[in-house]
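Worksheet: the structure to be examined is printed underneath.
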Amino acid sequence: MKPNRSFVALLVALSAGSSVPAGAVPVTVTPAPAARLVTPFPGVVPQPRAAQFPAGTLPLAGLGVRVVGSAPELAWAARDLRAEWKVRLGASLPDAAATGVAITVGTLADPDLAARAQKAGLLTRDPEGYALWVDAGGAFVVGADARGAYLGAQSLRQLLTPDGLRFARITDAPALKQRIAMIYLDSTSQGVNDRLIPLLAALKFNAVLVMSDYVQWDTARAGGFAHPGGATKAEARRVADLARSHGLEVIPLIETLGHVGWMFYGGKNLDLRQDEGSQNPYAYDTLNPATYDRVILPILKEAVEVFRPARVHLGHDEVRSRDRFPARENGKAVGFEKLFVDDVLKLHGYLKSMNVSSMIWHDTAFADAVVGSVPARLPRDLQVAYWAYAPGTAFPALKTVRDLGFPVLGASWSDPGNAEGFARAVAQGGASGMIQTRWTGYFGNPSLWDGNAEQGVAFVRAASAFWNPAAPPLTDAAARYRDLYRPAEYRARPGATVNLGPLVTRALADDDGSGWIGKGSDIDLRNLKPGVQRLGEYTFDISGAVMLRGSRASVKGLPQQAVIDLDRRASGLVFLQTTGWPAATPRESVGRYEIEYADGTRQTLPLEYGRHLRAWTDLQPTSMIPAPAWTGKTGDGLDVNLTALEWTNPRPDTVIRRVTLVSGGGNANPALLGLTLLGVP
C-alpha cells in the first residue's frame, strides 16, 4: 500500500514566551486497516484447575443457547452469554433449534448431561464446579450444581472470538469457598456498580461486601445526619437485587464502635460521642442507651430489611486509633475490654434475633494485648475477617483466630503479591475464604476507573488467586480490568500511523549517555523495537521519542514543544506516551496537547500525571483513561511500561491542521513515542 504524505513542523522553544519554528519536514502517514483492534484475551481468568485448548473453533452460524433445568442461575447464564454476543459481536444469540449443534447449559441433575460429562471424562461434583467442553459437536457447560453452571458460562464467554467458540476441555472448581469483593454505595453508585457487579460475577466472586455507612437510612434522615453524598435506600435495594441476580451474596458493612463519623454528620448526635473533646468524632459512647435505641439498632434493622442478608459486617476495627477510648469517666471505670465485648454481644444478639449472623475485623479483638482475654468472651459463631495488606505467604493470625474457635477469612488489598500470597495461605490453613477489600473513600466510587483504578485491577488479580491459588500471577490484569469494566466490540477500526522520525529528540537506546534519559544502556527503552507494530489495542509506527524539556539536567536543553502538521480529518487521535520521570504529586499538570482545526479553532487536551500518562518506570495503573500498551524490561531488569491515550475528536468532519505537544517543564517531562489517527476518511 502506497503511504500518504503529510508535513510536520517542529517548534523549538528557546525561552519562556518565545519560539522559533523549524522548517517543514516531510513525514510518512500510512493507512492502517486495524489502527485499533480489540481482540479476545488468551486463556481463561480465573485460570481453571484443569484445561486443554485443542486447535479449532465451533462456527457461530446457526448457533443458539439451550438451557436444561429451571434454576435461576441457568437463566442468568443464558442472559450473560447473550450480553457477550451483543457487546463483542453486535449480534444476537438466539434460542437453540430443537436439533443440531448448540450451546447447552445445565447441571448433573439432568441424566443426559451427567452421562455426557462422564463420557467426556470431565465430570466434577465439587460445589460450584463445572465441566465445559467445546468441539465440533457443540458447546456444553455442565455444573455440579446450578451455581457451577453459571460460573462455567463465565468461562465460556471468554472462548468467544469473531470466528467462533474456541475448542476447549475444562474441569474446574474453586479452591476457596468464599470469594468476596468489596463495593461502595454512594450517590454515583449506579454508574459504577452497574459495571462492577457483572465484572465481579464474570471473575467468579460469589459475594460482595457492601460499604453502607452513608446510605440515607430513614433513621439518619429523621435525625438530620443523612449525608447528601450517600445512596438512597432505593438504590441500596436495587444494588442488592442486582448483585443477587449475578449470583453474589450481599453482605452489608456498617462500621460500628469506631469509624462512626457517619452518625455525627452535620454535628448531630454529639451527645453520643465517646470522646467529648473530639472535634471530629470517631467512636460512640457504649454506655449511653440512646446510642443503640436512637441510632445503631434502628439502622441495623433497616439494613436487614433492605439487603435481606445472611450476615452483616459490623466493622469494629481500629477502635482506639484516633479518639480516646474510653474517654468518659464511667467508661474508664468499666475498662476498654468490657466496653468492646459488651458492644459486640449487643449487636451480635440483635442481629441473631433476626436470623442474621455477624462479622468483625480482627485487629482490635485479637490484638496481642487482649488476645488472651477478649476472644474467650465472644460468641464462637462470630465470623472474623483478618486483614493484612502486605505481600507474602506468612499470615500467622489465621491460625490464631481459627484455633480460638472462630470462622476466619483473610482480607487482602491492592499491593501486587498480597492477594496471591494470602490466598495460598488461606487454602493451606483451612480458613473459610478471602475478601478483596477496597478503600477508595466513602464517596469515591468513580475513582475505581480514574484515581484509584489500581484497586479495580486488584479485583482481577484477587479473583484469579481466590479461585485457583496455585495458578501463576496474572501479567495482564490491568488490561483485563479495563476490558471487563468497559467491554468493546471485537472489530478492527481503520486509521493511519504517523512516523514521528523527523521530530525525534531522543533515541530509545542509550549507548553513549545521549539517548533516552541519559542514564546509559542498562536503563533505556531499547527493548521497544522500531517499526510498525501492535501495542495493546493500537497500531503505532515507532522510530524514537519526541521527548520535551524538563527540570532534570539531562533534558533541560530539549525543545519546549513539538508541532505536528496533520491537515487531515480523523475521528480520534491516539498518543503513545510517557514521562521521563515521575511527578511529585498525583494529577500534577505536566503539559498539554493543543489541537488546532483548519478554521482556526482549538481544543486543549490536558496532561495530568497519573491520570493521562505516567512515567515509564511507574507501574501503578491509578487511572484507566490511558490504555495499557507495552510492558518490558530494561537491561538491568527493571520493569517498565507505556500507555496509550485515546482522544475522541468532537469535530470529526473538520480538518485537524496541527497538533502541538507542550511540556510543563517539570520533573515529569512528556515524551511522545507514537501517534495514530482513527477513522481517517
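Annotations
- Heavy-atom surface of the chain, accessible at 1.4 Å and reported per residue (Å²): 38 Å²
- Spin-label pair residue 57-residue 87: with each label point 7 Å from Cα along the Cα-Cβ axis, the two points sit 2.0 nm from one another.
- Under 11 Å, Cβ to Cβ, from residue 397 - net charge with Lys/Arg +1 and Asp/Glu -1: -1
- By accessible area with a 1.4 Å probe, ligands and nucleic acids excluded, highest first: order of 506, 493: 493, 506
- Note on segment 93-135: Kirkwood radius taken over Cα pairs, Stokes-Einstein applied at 37 °C and 0.692 mPa s, translational D equal to 284 µm² s⁻¹.
- Sulfur and carbon atoms: percent of accessible area, the chain [1.4 Å]: 53 percent
- Label-point separation, residue 370 to residue 333 (7 Å along Cα→Cβ), nm: 2.1 nm
- Listed residues 437, 585, 622 arranged by accessible area, highest first, probe 1.4 Å: 585, 622, 437
- Within the straight-line cut-off of under 29 Å between alpha carbons, the lysines reachable from residue 519 are 529, 556, 633, sequence neighbours fewer than 8 places apart in one chain being disregarded.
- Applying the criteria of a DSSP loop state and at most 13 other Cβ atoms within 10 Å to the trypsin sites (Lys or Arg not before Pro) of segment 353-409 yields 380.
- Cα gyration tensor category, rounded, prolate or oblate, for segment 272-376 with a/c compared to 1.5: oblate
- Gyration tensor (alpha-carbon) shape descriptor, the chain, a/c threshold 1.5: oblate
- Local electrostatic count, residue 471, Cβ distance below 15 Å [Lys/Arg +1, Asp/Glu -1]: +3
- The chain: angle of helix 336-352 to the longest principal axis, Cα-based, in degrees nearest 10: 90 degrees
- Principal-axis tilt of helix 418-429 within the chain, Cα atoms, nearest 10 degrees: 40 degrees
- For the chain, the longest principal axis of the alpha carbon atoms and the long axis of helix 72-89 meet at an angle near 10°.
- Qualifying lysines (Cα of each under 27 Å from Cα of residue 338; at least 8 residues distant if same chain): 268, 301, 346, 352, 399
- Averaging Cα coordinates gives a centre for segment 368-395 and one for segment 551-600; these two points are 51 Å apart.
- Neighbour net charge for residue 596 - beta-carbon separation under 15 angstrom, K R +1, D E -1: +3
- Each label was represented as a point 7 Å from its Cα along the Cα-to-Cβ direction; for residue 553 and residue 403 these points are 5.7 nm apart.
The values are calculated or read from the model by the stated rules, or taken from the named source; none is laboratory data. Everything numeric here is computed off the predicted structure, so don't read it as measured data. Glycine also receives a Cβ, built like all others from the backbone with ideal geometry; neighbour counts cover every protein chain displayed. Accessible surface areas use protein heavy atoms only, side chains included; no ligands, DNA or RNA. Shrake-Rupley method; radii C 1.70, N 1.55, O 1.52, S 1.80 Å.
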